[in-house]
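For reference, the structure discussed in these notes is given below.
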Amino acid sequence: MTDYSSQPSSVEVTETKDTIRQRIFLVVLVATMGALAFGYDTGIISGSLPFMSAAPSQGGLGLNSFTEGLVASSLIFGAALGSFLSGFMSDRFGRRMTLRSLALLFIAGALGTAVAPSVPVMVAMRFVLGIAVGGGSATVPVFIAEIAGPKRRAPLVSRNELMIVSGQLLAYVVSTIMSYTLHDPYIWRYMLALAMVPGILLFIGTFFVPASPHWLVAEGRFTEALKVLKKLRETPREIRKEMAEMRKQEKLARKGPSVKELLRERWVIRLLLTGCGLGFVAQFTGVNAFMYYTPIILKTTGMGTNASIAATIGNGVVSVLATLVGIWAVSRFSRRHMLMTGLTIVILTQVALGLTLTLLPQNLMQSYLALGCILVFLFFMQMCISPVYWLLMSELFPMKIRGALAGTAVSFQWICNATVAFAFPLLLNLIGNQTFFLFVLLNIGSFIFVYFLLPETRGKSLEEIENMMRSKYGEV
């Protein structure tokens, strides 16, 4: 086999840096169409639920608190299955082909929810849509990380989170505009139908992006991987170094244990449990209780339906701004410190929100203070926690089973997400505003987990991270 690290001529770069950067930007843009669809599909439920809850005679589906939670969480249970299955699929067929298949599910699921005639059909089609959302959430960060290279990995993978929150903001804007301008009992169907657009863009875009060079090397397709790297790296030195590292990891993987044996190794199990623990950290902040149910929370303070839906635009704007700051910060600060800072503010704002809703009388001041607490919470959540979570999901796992482990860990995150989405309206009915103090206790536990158990990955290539994890957590 050719040793690319010793043949400079074989890795000559013939294109300009601007061309290469534009190509990487295109790849990231296409891949993150999956994240945009993810954000829109999870965000639009916030604006459509109040209209879906209307009686069937008034154009709705007659939802109650139980079926509200079922409709909201069915997508997320589907996402848990989708992220788990897509991890194995992306290792077998490649990241690009997996995204292309998921795009078709995005389109079918969005169309199905838009025309659903009953609650059972809505739940079923939201589950199908969730498979696409979950599959994209597991595949997109890994694909971007493998395309980006060590220098650009952190900010480019973090754009996945930017597109998620941009999709949510788009959903909030769409639902607000429609709620004020369209006086149609089937307005919620139009909201849901628009989710087909990013799915269509993702499907078309996958025909214009390269395969992951890391996946190609793992499949033994070295010449193809080299051709891809020539199009994605700026200097021959970068290509030689990355190709040599990937070849070395591929040899170790080939000579080392099989996939089944690898899954039983202590350091791999430790990483998988760490990835699952991070899913708990991200979701039991309660972030999606706010993303899905902010209008319902604000209506308890006396705010009207249209006004409470319009207030969710603030959620979206703050999330986008915070993620932009997070993209800047994630290249400059350690993953651990960002997570611990975010969790500290999350705990304080949950306490403040619980006290506001418990102690203050129901009036406009309570509405504004509650919304203020939610916005501060979201700013630090989307700046310090969400981008770091998705970045770590692309970094932590070994090359040979990266897709499978990332998919499994993200699947557990979706189970946590579904638990919060389903339980929140029930808890709000059962224990009222004490629900927010329950989140405080859970987030204190998350802080302890991050402080004692999370390794630092900043400044290392994917191969260096893998070697560090094997050395640190492997059998002695």
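The values are calculated or read from the model by the stated rules, or taken from the named source; none is laboratory data. Quick caveat: nothing in here was measured; it's all calculated off a predicted structure. Neighbour counts are summed over all protein chains in view; Cβ atoms, including those assigned to glycine, are modelled from backbone coordinates with ideal geometry. With ligands, DNA and RNA removed, areas are computed over all heavy atoms of the protein, side chains included. Shrake-Rupley method; radii C 1.70, N 1.55, O 1.52, S 1.80 Å.
Within the bounds of region 428-440, is there any residue that is at pLDDT 90 or above and of a type outside the set (Phe, Trp, Tyr)?
Within region 428-440, the first condition is being at pLDDT 90 or above, and the residues that meet it are 437-440.
Going one step further and asking which of them are of a type outside the set (Phe, Trp, Tyr), we end up with 438, 440.
Yes: region 428-440 contains one or more residues that are at pLDDT 90 or above and of a type outside the set (Phe, Trp, Tyr).
Inside region 464-476, can you point out the residues that are among the β-branched types (Val, Ile, Thr) and either in contact with a Leu (Cβ under 6 Å, 6 or more places away or on another chain) or assigned to a loop (DSSP other than H, G, I, E, B) (or both)? Spell out the reasoning first.
Pass one, region 464-476, residues among the β-branched types (Val, Ile, Thr): 465, 476.
Of everything in region 464-476, just one residue is among the β-branched types (Val, Ile, Thr) and either in contact with a Leu (Cβ under 6 Å, 6 or more places away or on another chain) or assigned to a loop (DSSP other than H, G, I, E, B) (or both), namely Val476.
Please verify whether Leu360 is crowded, with 20+ Cβ neighbours inside 10 Å and touching a helix residue (DSSP H, G or I) at 6+ places or on another chain (Cβ under 9 Å), treating the condition exactly as stated. If you could, list the steps in order and put the result at the bottom.
Working: crowded, with 20+ Cβ neighbours inside 10 Å: no; touching a helix residue (DSSP H, G or I) at 6+ places or on another chain (Cβ under 9 Å): yes.
So Leu360 does not fit the description; no.
So Ile431 ticks every box in (1) touching a residue at least 12 places away in the same chain (Cβ under 8 Å); (2) open to solvent by 20 Å² or more (accessible area, probe 1.4 Å) but one. Which box is left unticked?
So Ile431 meets the others, but not (1).
Quick check on region 138-148. Is at least one of its residues aromatic (Phe, Trp, Tyr) and under 30 Å from Val228 (Cβ atoms)? If you could, list the steps in order and put the result at the bottom.
Quick first cut of region 138-148, residues aromatic (Phe, Trp, Tyr) only: 143.
If we keep only those that are under 30 Å from Val228 (Cβ atoms) as well, we get 143.
Yes: region 138-148 contains one or more residues that are aromatic (Phe, Trp, Tyr) and under 30 Å from Val228 (Cβ atoms).
So is Arg402 basic (Lys, Arg), touching a residue at least 60 places away in the same chain (Cβ under 8 Å), assigned to a helix (DSSP H, G or I) and buried (at least 23 other Cβ atoms within 10 Å of the Cβ) or not? Step through it out loud before you land on a result.
Working: basic (Lys, Arg): yes; touching a residue at least 60 places away in the same chain (Cβ under 8 Å): yes; assigned to a helix (DSSP H, G or I): yes; buried (at least 23 other Cβ atoms within 10 Å of the Cβ): yes.
The answer is yes for Arg402.
I'd like to verify a number: residues in region 420-463 that are touching a helix residue (DSSP H, G or I) at 6+ places or on another chain (Cβ under 8 Å), assigned to a helix (DSSP H, G or I) and over 19 Å from Gly69 (Cβ atoms), how many?
Total satisfying the criteria: 12.
Return the residues of region 229-248 that are out of contact with any Lys or Arg (no Cβ under 8 Å at 6 or more places or on another chain) and open to solvent by less than 20 Å² (accessible area, probe 1.4 Å); say none if nothing qualifies.
Passing the criteria: Leu229, Arg233, Met243, Met246.
I'd like the residue in region 358-373 that is touching a Gly at 6+ places or on another chain (Cβ under 8 Å) and of a type in the set (A, V, I, L, M) and, out of all such residues, is farthest from Gly277 (Cα to Cα).
By that ranking, first place goes to Leu364.
Considering region 19-35 alone, what residues qualify as being open to solvent by less than 30 Å² (accessible area, probe 1.4 Å) and not β-branched (Val, Ile, Thr)? So that I can check it myself, show each step before the final result.
Residues of region 19-35 open to solvent by less than 30 Å² (accessible area, probe 1.4 Å): 20, 24, 27-28, 30-35.
Within region 19-35, Ala31, Met33, Gly34, Ala35 meet the criteria.
Considering only region 108-116, I want to know if a residue exists there that is in contact with a Leu (Cβ under 6 Å, 6 or more places away or on another chain) and closer than 30 Å to Ser334 by Cβ.
no
On the given criteria, is Glu224 under 20 Å from Lys151 (Cα atoms), in a helix (DSSP H, G or I) and either open to solvent by 40 Å² or more (accessible area, probe 1.4 Å) or modelled with pLDDT under 85 (or both)?
Details: under 20 Å from Lys151 (Cα atoms): no; in a helix (DSSP H, G or I): yes; either open to solvent by 40 Å² or more (accessible area, probe 1.4 Å) or modelled with pLDDT under 85 (or both): yes.
No, not satisfied.
Checking the condition touching a residue at least 24 places away in the same chain (Cβ under 8 Å) and either in contact with a helix residue (DSSP H, G or I) (Cβ under 9 Å, 6 or more places away or on another chain) or outside the structural domain of Arg264 (by the TED database) (or both), which residue from Leu348, Leu396 passes? Explain how you work it out, then say what you get.
Working: Leu348 fails: touching a residue at least 24 places away in the same chain (Cβ under 8 Å).
Answer to the check: Leu396.
Somewhere in region 292-299, is a residue among the aromatic types (Phe, Trp, Tyr) and either at pLDDT below 75 or open to solvent by less than 50 Å² (accessible area, probe 1.4 Å) (or both)? Break it down stepwise before answering.
In the first step, residues of region 292-299 are kept if they are among the aromatic types (Phe, Trp, Tyr); the result is 292-293.
Filter once more, keeping what is either at pLDDT below 75 or open to solvent by less than 50 Å² (accessible area, probe 1.4 Å) (or both): 292-293.
Yes: region 292-299 contains one or more residues that are among the aromatic types (Phe, Trp, Tyr) and either at pLDDT below 75 or open to solvent by less than 50 Å² (accessible area, probe 1.4 Å) (or both).
Just checking, which of Ala103, Ala110, Ala54 is open to solvent by less than 40 Å² (accessible area, probe 1.4 Å), farther than 19 Å from Thr206 by Cβ and not aromatic (Phe, Trp, Tyr)? Break it down into steps so the answer makes sense when it comes.
Numbers: Ala103 fails: farther than 19 Å from Thr206 by Cβ; Ala110 fails: farther than 19 Å from Thr206 by Cβ.
Selected residue: Ala54, the only one of Ala103, Ala110, Ala54 that is open to solvent by less than 40 Å² (accessible area, probe 1.4 Å), farther than 19 Å from Thr206 by Cβ and not aromatic (Phe, Trp, Tyr).
Are any of the residues in region 382-395 under 21 Å from the mean Cα position of the chain (by Cα) and open to solvent by 30 Å² or more (accessible area, probe 1.4 Å)?
Keep residues of region 382-395 that are under 21 Å from the mean Cα position of the chain (by Cα), which gives 382-395.
Filter again for open to solvent by 30 Å² or more (accessible area, probe 1.4 Å), leaving none.
No, region 382-395 contains no residue that is under 21 Å from the mean Cα position of the chain (by Cα) and open to solvent by 30 Å² or more (accessible area, probe 1.4 Å).
Please find, within region 317-328, the residue that is most open to solvent (accessible area, probe 1.4 Å) out of those that are within 15 Å of the chain's Cα centre (by Cα) and closer than 17 Å to Ile44 by Cβ.
Filtering first and then ranking leaves Val320.
Consider region 364-387. How many of its residues are out of contact with any helix residue (DSSP H, G or I) (no Cβ under 8 Å at 6 or more places or on another chain) and farther than 18 Å from Val440 by Cβ? Outline the logic, then answer.
Kept after step one, since they are out of contact with any helix residue (DSSP H, G or I) (no Cβ under 8 Å at 6 or more places or on another chain), are these residues of region 364-387: 364-365, 368, 372.
Within this subset, residues satisfying the condition of being farther than 18 Å from Val440 by Cβ are 364-365, 368.
Qualifying residue count, region 364-387: 3.
Might you check whether a residue that is in contact with a helix residue (DSSP H, G or I) (Cβ under 7 Å, 6 or more places away or on another chain), among the aliphatic types (A, V, I, L, M), over 30 Å from Leu232 (Cβ atoms) and part of a helix (DSSP H, G or I) occurs anywhere in region 8-29?
Looking for residues that are in contact with a helix residue (DSSP H, G or I) (Cβ under 7 Å, 6 or more places away or on another chain), among the aliphatic types (A, V, I, L, M), over 30 Å from Leu232 (Cβ atoms) and part of a helix (DSSP H, G or I), one finds none in region 8-29, hence no.
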